[in-house]
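Engineer: Take this structure, written in structure tokens, and hold onto it; I'll ask about it next.
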Amino acid sequence: MKREDLKKLLGEGATDELVDKIMAEHGKDVEKHKTDLATITTERDGLKTQLSEASKQIEGFKGMDIEGVKKSADEWKAKAEQAEQTAQAELAKLKFDHALDGALAGAKSKNNKAVRALLDTELLKLNDADGSIVGLKDQLDKIKTENDYLFESDTPAPKIVAGGNSKTILTDPILAAARRAAGLPEPKE
């Protein structure tokens, strides 16, 4: 719908503000429908692809003997089991890496990558019950003693205090009394 068409439909009482509000609401509806259409189109294309692949697979099965199908099924089952084992191993590694990063952050590591290079990760195990890493504390203690610069210090930084109301030596009371006794003038500050 065009703005001019909307103004004609509303008549002479239509203000630009009213037309803007109506056009904005209409635009929201149009964008929602575009999104819905794109989603449905993507789903349809995916289903077409799956149907095409299934048809090819069925055509391939027509020429196979039953023993070939059983063998193929066994091969696919083995591949699926291998893929599941690989996925479990990757998930375990991801959990371990996440727990290790959290533990290093808790140990106030300045550079996790540098500390990881010094760790013997073969000796570390993830405790699934509480998410801690078994054997990490001993290794971190050793690394902290040998490479303390890799960790933030627990001692607070020294506090630098600006000068206070200190007096100069020229206004020292003993010196001032000696100057008066000698008849010397008072120093200018």
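Engineer: Among the numbered criteria (1) surrounded by 11 or more Cβ atoms within 10 Å (Cβ to Cβ); (2) within 30 Å of D154 (Cα to Cα), which single criterion is violated by K93?
Structural biologist: (2)
Engineer: For the subset of the range 99-157 comprising residues that are surrounded by 10 or more Cβ atoms within 10 Å (Cβ to Cβ) and of a type in the set (V, I, T), which member is farthest from A89 (Cα to Cα)?
Structural biologist: I143
Engineer: While we're here: So, in the range 66-103, exactly how many residues are out of contact with any Leu (no Cβ under 8 Å at 6 or more places or on another chain) and under 30 Å from D141 (Cβ atoms)? Outline the logic, then answer.
Structural biologist: First pass over the range 66-103, keeping only residues out of contact with any Leu (no Cβ under 8 Å at 6 or more places or on another chain): 66-91, 93-94, 97-98, 101-102.
From what is left, the residues that are under 30 Å from D141 (Cβ atoms) are 89, 91, 93-94, 97-98, 101-102.
Adding up the residues that qualify gives 8.
Engineer: Restricting the search to the range 23-60, which residues are modelled with pLDDT of 85 or more and among the β-branched types (V, I, T)?
Structural biologist: Across the range 23-60, the qualifying residues are T39, I40, T41, T42, T49.
Engineer: Would it be correct to say that E17 is surrounded by 10 or more Cβ atoms within 10 Å (Cβ to Cβ) and among the acidic types (D, E)?
Structural biologist: Working: surrounded by 10 or more Cβ atoms within 10 Å (Cβ to Cβ): no; among the acidic types (D, E): yes.
For E17, the condition - surrounded by 10 or more Cβ atoms within 10 Å (Cβ to Cβ) and among the acidic types (D, E) - is not met.
Engineer: Related question: Would you check if there is a residue in the range 26-47 being part of a helix (DSSP H, G or I), over 42 Å from the mean Cα position of the chain (by Cα), without any contact (Cβ under 8 Å) to a residue 12 or more places away in the chain and farther than 30 Å from V134 by Cβ? Please lay out each step first, then the result.
Structural biologist: At the first step, the residues of the range 26-47 found to be part of a helix (DSSP H, G or I) are 26-47.
Subsequent filtering for residues that are over 42 Å from the mean Cα position of the chain (by Cα) retains none.
Scanning the range 26-47 turns up no residue that is part of a helix (DSSP H, G or I), over 42 Å from the mean Cα position of the chain (by Cα), without any contact (Cβ under 8 Å) to a residue 12 or more places away in the chain and farther than 30 Å from V134 by Cβ.
Engineer: Now, a different point. Return the pair list, or none, for Cβ contacts closer than 8 Å from residues in the range 126-152 that are in contact (Cβ under 8 Å) with a residue 40 or more places away in the chain and closer than 16 Å to R116 by Cβ to residues that are in a strand (DSSP E or B) and of a type in the set (G, A, S), at least 6 apart or on different chains.
Structural biologist: Note: pairs meeting the criteria are L150/S109; F151/S109.
Engineer: Something else now. Do the conditions hold for S72, that is, is it among the hydroxyl-bearing types (S, T, Y), at pLDDT 85 or above and in a helix (DSSP H, G or I)? Explain how you work it out, then say what you get.
Structural biologist: Details: among the hydroxyl-bearing types (S, T, Y): yes; at pLDDT 85 or above: no; in a helix (DSSP H, G or I): yes.
No: the conditions fail for S72.
Engineer: Something else about it: Determine which member of the set K113, K77 is within 24 Å of the chain's Cα centre (by Cα) and modelled with pLDDT of 85 or more. Before you say what the answer is, go through the steps one by one.
Structural biologist: Working: K77 fails: within 24 Å of the chain's Cα centre (by Cα).
K113 is the lone residue from the list that is within 24 Å of the chain's Cα centre (by Cα) and modelled with pLDDT of 85 or more.
The values are calculated or read from the model by the stated rules, or taken from the named source; none is laboratory data. It should be emphasised that the depicted structure is a prediction, and the values quoted were computed from it without experimental measurement. Glycine also receives a Cβ, built like all others from the backbone with ideal geometry; neighbour counts cover every protein chain displayed.
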